[in-house]
Amino acid sequence: MPTTIYTLIKGKFLMKLISKLLIASLLVVLVNLTAYAEEKAIKAEKPLRQEVALLSIEATVESIDRSTRQVSLKNVQGEIIDLTLDEDAGRLDDIDKGDRVSIEYLEAVTIEVFGADEIEPGAASAVVAAETEAGEKPAALVAEQVSLVVTIEEIDLENELVTLKNMDGELKTVSPEYPENLKKVKVGDRVKITYTTAVGFSVTEK
């Protein structure tokens, strides 16, 4: 995976832009049990929960000075935001006044219970990245997913607690957000926790 992808997307440019645009240009959608997960959860005997947060930001390039790397952006509320971009923020040759900058950020957590023979304990992660070529309007995307599978070692219905064991044998007792789900699981079941993030931006002509 090219280092420039992470620098461009998750580096100073994006963090600085988001922090300045969030105040007036933020759209957050929080979904507890998305339509797909909710339908599946109703049919499934084992608990399933998914939470998704989506953030979208739109702005227009008001002015750009490539020699000093100074850029002025106007958000949807008409506010002007001035930025001086570091060298690691990527190329500016293909960005012009009037171009529109779009940023999307997605974060999701899924918790699903499987039978003991359906999935093995362990951890896994994956990263996918892509960006446009030089000469095209800049656009890039980074998506990362981390998953952990643990085993239910003990269930305490009276105190609404469950003890989980990871692949190294370490134990942790937690209080589930929905204690009623403890009645739907049994010792030996596997709990898969998947954390997904995706962030990308694109520059398009006005």
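The values are calculated or read from the model by the stated rules, or taken from the named source; none is laboratory data. Computed from a prediction, not measured in an experiment: that's the story for all the values here. As a convention, Cβ positions derive from the backbone with ideal geometry for all residues, glycine included, and neighbour counts pool all protein chains shown.
Numbers at a glance
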item: Cβ-Cβ under 9 Å pairs, at least 6 apart or on other chains, the stretch 70-87 side farther than 16 Å from Val203 by Cα, far side loosely packed, with under 11 Cβ neighbours inside 10 Å; result: Thr84/Thr68
item: Of all residues in the stretch 67-84 being of a type in the set (A, V, I, L, M, F, W, C) and surrounded by 13 or more Cβ atoms within 10 Å (Cβ to Cβ), the one that is farthest from Lys97 (Cα to Cα); result: Val76
item: Listing of strands (runs of 3 or more DSSP E) fully contained in the stretch 92-206 that carry 1 or more residues being touching a Gly at 6+ places or on another chain (Cβ under 6 Å) and surrounded by 12 or more Cβ atoms within 10 Å (Cβ to Cβ); result: 100-114, 139-156
item: Test for Glu144: is it under 18 Å from the mean Cα position of the chain (by Cα) and of a type outside the set (Gly, Ala, Ser); result: yes
item: Residue check, Gly98 on the phi > 0 side of the Ramachandran plot and in contact (Cβ under 8 Å) with a residue 60 or more places away in the chain; result: yes
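Yes/no matrix, rows are residues, columns are (1) in a loop (DSSP other than H, G, I, E, B); (2) surrounded by 14 or more Cβ atoms within 10 Å (Cβ to Cβ); (3) of a type in the set (A, V, I, L, M, F, W, C); (4) modelled with pLDDT of 85 or more:
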site: Leu17; (1), (2), (3), (4): no, yes, yes, no
site: Val29; (1), (2), (3), (4): no, no, yes, no
site: Leu54; (1), (2), (3), (4): no, yes, yes, no
site: Asp88; (1), (2), (3), (4): no, no, no, no
